[in-house]
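Below is one structure, written out as structure tokens; the observations come after it.
The values are calculated or read from the model by the stated rules, or taken from the named source; none is laboratory data. Keep in mind the model is a prediction, meaning the values are calculated, not measured. Using ideal geometry, Cβ is built from the backbone for each residue, glycine included, and neighbour counts are taken over all protein chains shown. When the accessible area is computed, the model is the full protein with side chains, heavy atoms only, and any ligands, DNA or RNA have been set aside. Shrake-Rupley method; radii C 1.70, N 1.55, O 1.52, S 1.80 Å.
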Amino acid sequence: EPGREQIVKTGDRIPSFSVTMNDGRTVTPADLAGAPSVIVFFTTRCGDCRRLLPVIQEVHEQRPDLNLVCISREEDETMVNRYWADNSLTLPYSAQTDRTVYNLFANGGVPQTYVVNSDLIVIATFDDRQTPTADQLIELCYSR
């Protein structure tokens, strides 16, 4: 997509948002402060997302203490839940039927991955052009 880009870039503070996770928790930046986080925007129909989600699952299994916030773009709970069940994913996710939260971070393309430090500053980003490894993400979160 021409003109698509991440709005939130490395060095930026994450924008204010609020999502309800599949376990009922509400997550806002205030909830993420004080510890590293990985925020991922995805759709279950996207091939690059389907490559990334098992990596995020691996991070979740290795570091269950890490704040992982997986947010769907224009996919409802039924669609995401079915994909999670079919692929044995246990990651926390927030199903969003629109692009309201996504549009705070990017204006085109999924997946979008943001590694955020304890001060809510983005320290690394990944888009559909590069899929990080679980080790890379964990290293970024815990090496600073």
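Might you tell me the accessible area per residue for the chain, computed with a 1.4 Å probe and given in Å²? Walk me through the numbers on the way to the answer.
Working: 6810 Å² over 144 residues.
For the chain, the solvent-accessible area averages 47 Å² per residue.
State the label only: which of (1) 14.9; (2) 19.9; (3) 16.9 corresponds to Kirkwood radius over Cα pairs in Å computed from the shown model?
(1)
Please build a GNM for the chain, connecting alpha carbons under 10 Å apart, and tell me which residue among THR113, THR125, THR28 fluctuates the most.
Among THR113, THR125, THR28, the largest mean-square fluctuation in the Gaussian network model of the chain belongs to THR28.
With r as the distance between the Cβ atoms of ASN22 and ASP98 and R0 = 25 Å, compute the FRET efficiency 1/(1 + (r/R0)^6) and round to 0.05. Before the final figure, lay out each step's value.
Values: r = 17 Å, r/R0 = 0.69.
Efficiency computed from Cβ-Cβ geometry: 0.90.
Note down the relative contact order for the chain as a percent, whole number, built from C-alpha pairs under 8 angstrom at least six residues apart. Show your work: numbers first, answer last.
Values: 274 pairs, mean separation 51.9, N = 144.
Result for the chain is 36 percent.
With a cap of 15 neighbouring Cβ atoms within 10 Å, and only residues DSSP puts in a loop, list the trypsin sites (Lys or Arg not before Pro) found in segment 1-69. Don't jump to the answer; show the numbers that get you there.
Details: sites: ARG4, LYS9, ARG13, ARG25, ARG45, ARG50, ARG51; in loops: ARG4, LYS9, ARG25, ARG45.
Taking segment 1-69 and a limit of 15 other Cβ atoms within 10 Å, the loop trypsin sites (Lys or Arg not before Pro) found are ARG4, LYS9, ARG25, ARG45.
Which percent of the accessible area of segment 1-127 is formed by carbon and sulfur heavy atoms (probe 1.4 angstrom)? All intermediate terms of the calculation are to be shown ahead of the outcome.
Details: 2550 of 5660 Å².
Roughly 45 percent of what the probe reaches on segment 1-127 is carbon or sulfur.
Sort segment 43-91 into rounded, prolate or oblate with this rule: let a ≥ b ≥ c be the square roots of the eigenvalues of the Cα gyration tensor; rounded if a/c is under 1.5, and if a/c is not under 1.5, prolate when a/b is larger than b/c, oblate otherwise. Before the final figure, lay out the partial values.
Working: a/c = 1.73, a/b = 1.62, b/c = 1.07.
Taking the square roots of the gyration eigenvalues as a ≥ b ≥ c, segment 43-91 is prolate.
For segment 7-59, report the % of Cα-Cα distances exceeding 12 Å. Spell out each step's value before the answer.
On the way: 1038 of 1378 pairs.
In whole percent, the long-distance tail amounts to 75.
By its C-alpha gyration tensor, with a ≥ b ≥ c as the square roots of the eigenvalues, how is segment 61-144 shaped: rounded for a/c under 1.5, else prolate for a/b larger than b/c, else oblate?
Values: a/c = 1.86, a/b = 1.29, b/c = 1.44.
It comes out oblate by the Cα gyration axes.
Between GLY108 and residues 5 or more places away or on another chain, which pairs have amide H atoms under 5 Å apart, with H built 1.01 Å from N, and which residues are they?
Distant-sequence amide H within range of GLY108: GLU5.
Using a 4.7 Å Cβ cut-off, which Cys residues in the chain lack a partner cysteine?
CYS70, CYS141
Mind listing the long-range amide H neighbours of ARG99? Cut-off is under 5 Å, sequence gap 5 or more, other chains count too, H placed in the peptide plane at 1.01 Å from N.
Long-range HN contacts for ARG99: none found.
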